């Protein structure tokens with residue numbers, strides 16, 4: 001296995017006040033094996049990180065990578081029109097090459113912006129798996145199931161999802177796992193939700209679902225089941241520790257407490273919620289109080305439209321402060337935790353932190369970038385990164401102990417080719433739509 | 001005067017739907033002199049912009065540049081504690097070198113992130129002027145006056161502000177103008193507001209003021225004067241075309257209409273308002289309906305903490321959509337207009353657009369950046385730039401027809417030295433605070 005010695009990096013996530021300190025970090029067998037100063041070791045790669053900041057990579061816990069192909073295709077529309085008139089017709093025409101090109105474009109953007117792990121829900125997941133494997137990223141991939149109450153469709157969807165999950169597991173790629181991913185409580189029957197939950201338990205996989213994103217969804221579920229979404233999912237037995245629920249915007253305190261009690265995780269997607277005008281701000285202080293595991297996602301690039309987790313971390317901190325008229329209700333350190341360790345923990349991974357034994361999913365930032373300075377012993381680097389950092393500050397990425405980007409150069413993908421293919425596939429798709 | 005020929009750029013701001021097209025642009029005597037294809041001209045600089053996107057530079061219409069020195073010094077605090085316990089004591093200790101170092105750090109970050117013009121309010125403005133002149137940026141600089149009702153203080157403040165404005169004018173730097181900048185209706189007496197307004201009329205300068213940022217301010221002004229802030233300023237005769245009012249968050253419809261009627265401009269600072277938990281979202285749809293000129297700012301780096309105008313443009317679009325539960329209420333093109341032409345127009349400058357005769361304040365972005373693609377004829381590039389662009393995409397900057405950054409290299413400042421000086425001054429400042 002690859003070994004990497006990172007010398008003279010500035011690290012800050014170890015200190016509660018975010019003050020930076022110099023350290024060397026050794027990565028062996030995909031994990032951090034040593035942290036200290038003056039580490040001497042034979043390593044395949046030696047990275048001189050003087051002038052760079054070392055931090056855990058970001059975990060983008062909810063996205064639809066292939067939808068990066070549709071970035072800029074339609075924006076500023078009402079959710080219903082956007083979906084029905086533009087997104088669904090385009091998705092129906094997305095062929096294999098389009099799915100792969102979109103996914104590759106997404107992985108390129110994610111690596112460049114410091115994301116080391118992502119959790120995806122889409123269709124044609126064998127192609128998403130291939131593109132992800134090529135990129136060198138860590139990921140959890142799930143086929144998004146929808147049956148709208150149709151029993152025949154249900155069996156078909158479950159079949160596809162199970163087949164993909166099993167093939168992903170048997171591929172034994174150390175970086176890629178699968179999820180069971182029923183789309184949502186309003187697009188999936190009770191049976192689909194329950195059967196996919198049973199498979200997730202059997203195969204020990206995360207249960208990835210959209211939950212309480214819009215008010216309409218809450219009212220529809222309430223009308224249909226007599227219960228609010230979280231209470232409904234609990235009543236049918238699928239609310240548990242392996243649930244990673246995307247959005248969680250419109251929730252009562254009772255639902256938040258229920259999620260905390262059952263160990264379900266909330267994946268917040270502030271950029272997407274704002275752009276689609278969901279209208280709310282997730283109840284983060286209540287989630288923290290109820291010990292709901294919180295992580296962040298960008299959602300797909302058709303709805304955000306950026307996959308930068310710098311944005312997600314800053315948005316959630318600022319939105320909650322503003323919504324609660326309280327600037328101290330959430331700190332930069334907490335927001336950064338949601339964007340890194342919170343994500344890894346939600347998927348049962350020991351990562352998102354710089355610690356012996358943790359996964360070697362690490363990024364380096366340019367410590368001399370104007371926007372990240374001052375950066376002295378008296379600086380809170382949590383604040384610099386969350387409130388002033390941007391995707392352009394990322395210089396290096398290490399995933400699973402392997403270098404994926406060094407000094408801005410991606411080692412796993414041909415950048416120009418990825419962008420060119422995406423443009424070609426996009427043009428083909430648009431002309432097929434007439 | 002310098003002439004620049006930009007060849008084969010991708011431009012998009014000319015088209016209502018944001019679709020990109022190829023063009024050459026010639027800049028002479030500080031202005032755009034020709035736009036077309038296959039332009040042949042002798043020019044001092046020739047920029048090959050194939051693979052790059054050309055757009056107007058951003059106008060950051062409200063900032064306190066020197067405060068970049070305090071970035072990361074204190075965050076996540078309540079506004080009153082943040083100001084009284086941390087910011088004011090630190091500012092009181094900021095010497096000449098600190099002011100210059102902070103301003104230089106800000107200009108470096110602004111150039112890197114595509115800002116070509118900024119409007120500043122601070123103290124020791126002769127030093128801010130010097131640092132700004134070194135950077136090659138276009139700016140409007142004003143000494144921030146506060147008298148808290150003290151007549152002696154008022155005369156002193158007016159004296160400093162007038163002296164600076166006159167010296168800035170007589171310096172005849174083609175890029176730098178001055179403003180009269182009374183801090184706010186709650187920190188300035190009626191006399192100070194009126195006298196500084198008269199000077200602004202006499203010297204033909206913008207009247208830069210903080211206005212309706214917090215609910216507390218609105219209630220305090222209401223209690224003190226019996227009128228809401230905009231109505232109060234109108235009643236004392238200072239609400240006019242040359243007013244550029246920062247924040248404008250807490251306003252009634254009547255106040256918005258009054259601003260529109262009198263021609264006052266609103267400078268929105270969404271990042272700062274959110275982070276300081278002002279609690280509101282500015283009434284942008286009403287401002288548009290009342291034809292209030294809208295532009296954007298970042299505010300100072302102690303309160304945002306980024307000076308990236310990409311963030312400001314995305315924030316304002318997303319916040320308004322979410323606040324009004326309507327994704328189509330504001331478009332990417334409108335948000336980009338606020339961030340570029342809206343800013344230039346607010347200061348009476350023919351800029352922020354690509355048009356013959358307009359100021360040659362232009363930037364180039366890396367058209368191959370993953371986050372800005374797809375970028376074909378069917379792409380809305382307004383959306384790509386506003387919703388997916390980031391500071392790291394900027395490669396070149398031309399200000400007043402002169403190259404300030406080429407291929408990521410700043411020509412006017414020594415980047416490493418600017419960052420080093422900022423860190424040294426920050427350390428000195430912190431140790432002086434004990």
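Within the set B:26, B:83, B:40, the sole residue that is outside the structural domain of residue B:269 (by TED's automatic domain parsing) and either surrounded by 20 or more Cβ atoms within 10 Å (Cβ to Cβ) or in a helix (DSSP H, G or I) (or both) turns out to be B:26. Applying the set (1) under 26 Å from residue B:388 (Cα atoms); (2) touching a helix residue (DSSP H, G or I) at 6+ places or on another chain (Cβ under 8 Å); (3) modelled with pLDDT of 95 or more to residue A:304 leaves exactly one unmet item: (3). Considering the conditions (1) free of Cβ contacts under 8 Å to residues at least 12 places away in the same chain; (2) surrounded by 17 or more Cβ atoms within 10 Å (Cβ to Cβ), residue A:92 is excluded by exactly one of them, (2).
A quick yes/no check of all residues on (1) more than 19 Å from the chain's Cα centre (by Cα); (2) over 15 Å from residue B:371 (Cβ atoms); (3) in the same structural domain as residue A:308 (by TED's automatic domain parsing):
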{"site": "A:392", "(1), (2), (3)": "no, no, no"}
{"site": "A:395", "(1), (2), (3)": "yes, yes, no"}
{"site": "A:399", "(1), (2), (3)": "no, yes, no"}
{"site": "A:404", "(1), (2), (3)": "no, yes, no"}
{"site": "A:415", "(1), (2), (3)": "yes, no, no"}
{"site": "A:420", "(1), (2), (3)": "yes, yes, no"}
{"site": "A:423", "(1), (2), (3)": "yes, no, no"}
{"site": "A:426", "(1), (2), (3)": "yes, no, no"}
{"site": "A:431", "(1), (2), (3)": "yes, yes, no"}
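When the residues of the stretch B:240-274 are filtered to those that are part of a helix (DSSP H, G or I) and surrounded by 23 or more Cβ atoms within 10 Å (Cβ to Cβ), the one that is farthest from the other protein chains (Cβ to nearest Cβ) is B:259. For the stretch A:58-73, a residue qualifies if it is at the interface with chain B (Cβ under 8 Å from one of its Cβ atoms) and more than 18 Å from the chain's Cα centre (by Cα), and the qualifying residues are A:72, A:73.
Across the stretch B:343-393, the number of residues qualifying as in contact with a helix residue (DSSP H, G or I) (Cβ under 6 Å, 6 or more places away or on another chain), surrounded by fewer than 24 Cβ atoms within 10 Å (Cβ to Cβ) and either within 7 Å of chain A (Cβ to nearest Cβ) or modelled with pLDDT under 95 (or both) comes to 3.
Rundown of residues vs (1) in contact with a strand residue (DSSP E or B) (Cβ under 7 Å, 6 or more places away or on another chain); (2) over 28 Å from residue A:322 (Cα atoms), yes/no style:
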residue	(1), (2)
B:83	no, no
B:92	no, yes
B:95	no, yes
B:102	no, no
B:121	yes, no
B:141	yes, yes
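Residues that are in the same structural domain as residue B:216 (by TED's automatic domain parsing) and over 23 Å from the mean Cα position of the chain (by Cα) do not occur anywhere in the stretch B:135-143.
Mind checking whether some residue in the stretch B:106-117 is over 27 Å from residue B:426 (Cβ atoms) and buried (at least 24 other Cβ atoms within 10 Å of the Cβ)? No, the stretch B:106-117 contains no residue that is over 27 Å from residue B:426 (Cβ atoms) and buried (at least 24 other Cβ atoms within 10 Å of the Cβ). Examine the stretch A:335-342 for a residue that is in contact with a helix residue (DSSP H, G or I) (Cβ under 8 Å, 6 or more places away or on another chain) and closer than 17 Å to residue A:119 by Cβ, and state whether such a residue exists. Yes, some residue in the stretch A:335-342 is in contact with a helix residue (DSSP H, G or I) (Cβ under 8 Å, 6 or more places away or on another chain) and closer than 17 Å to residue A:119 by Cβ.
Among all positions in the stretch A:143-151, there is at least one residue which is part of a helix (DSSP H, G or I) and touching a helix residue (DSSP H, G or I) at 6+ places or on another chain (Cβ under 8 Å). Tallying residues that are more than 8 Å from every other protein chain (Cβ to nearest Cβ), buried (at least 24 other Cβ atoms within 10 Å of the Cβ) and farther than 15 Å from residue B:60 by Cα within the stretch B:318-342 yields 1. Would you check if there is a residue in the stretch A:216-224 being more than 17 Å from the chain's Cα centre (by Cα) and under 24 Å from residue A:75 (Cβ atoms)? Scanning the stretch A:216-224 turns up at least one residue that is more than 17 Å from the chain's Cα centre (by Cα) and under 24 Å from residue A:75 (Cβ atoms).
Of the listed requirements (1) crowded, with 16+ Cβ neighbours inside 10 Å; (2) more than 14 Å from every other protein chain (Cβ to nearest Cβ); (3) part of a helix (DSSP H, G or I), residue B:120 misses just one: (3).
Looking across the stretch A:8-23, the residues that are more than 19 Å from residue A:404 (Cβ to Cβ) and in a strand (DSSP E or B) come down to A:8, A:10, A:11, A:21, A:22, A:23. Tallying residues that are part of a helix (DSSP H, G or I) and closer than 26 Å to residue B:390 by Cα within the stretch B:99-117 yields 12. Quick check on my filter: what residues within the stretch B:352-374 are assigned to a loop (DSSP other than H, G, I, E, B), closer than 26 Å to residue A:76 by Cα and touching a strand residue (DSSP E or B) at 6+ places or on another chain (Cβ under 7 Å)? If the condition is that a residue be assigned to a loop (DSSP other than H, G, I, E, B), closer than 26 Å to residue A:76 by Cα and touching a strand residue (DSSP E or B) at 6+ places or on another chain (Cβ under 7 Å), then B:352, B:353, B:354, B:367 are the ones that fit. Out of all the residues in the stretch A:275-290, is one or more away from chain B (no Cβ under 14 Å), modelled with pLDDT of 95 or more, surrounded by fewer than 21 Cβ atoms within 10 Å (Cβ to Cβ) and part of a loop (DSSP other than H, G, I, E, B)? Yes, some residue in the stretch A:275-290 is away from chain B (no Cβ under 14 Å), modelled with pLDDT of 95 or more, surrounded by fewer than 21 Cβ atoms within 10 Å (Cβ to Cβ) and part of a loop (DSSP other than H, G, I, E, B).
Among the residues of the stretch A:394-403, those identified as farther than 30 Å from residue B:275 by Cα and surrounded by 23 or more Cβ atoms within 10 Å (Cβ to Cβ) are A:398, A:399, A:400, A:401.
Condition check: in the same structural domain as residue B:322 (by TED's automatic domain parsing), touching a residue at least 12 places away in the same chain (Cβ under 8 Å) and in contact with a helix residue (DSSP H, G or I) (Cβ under 7 Å, 6 or more places away or on another chain). Does residue B:228 satisfy that? So residue B:228 fits the description; yes.
The values are calculated or read from the model by the stated rules, or taken from the named source; none is laboratory data. What you see is a predicted model; the values in this text were computed from it and never measured. Using ideal geometry, Cβ is built from the backbone for each residue, glycine included, and neighbour counts are taken over all protein chains shown.
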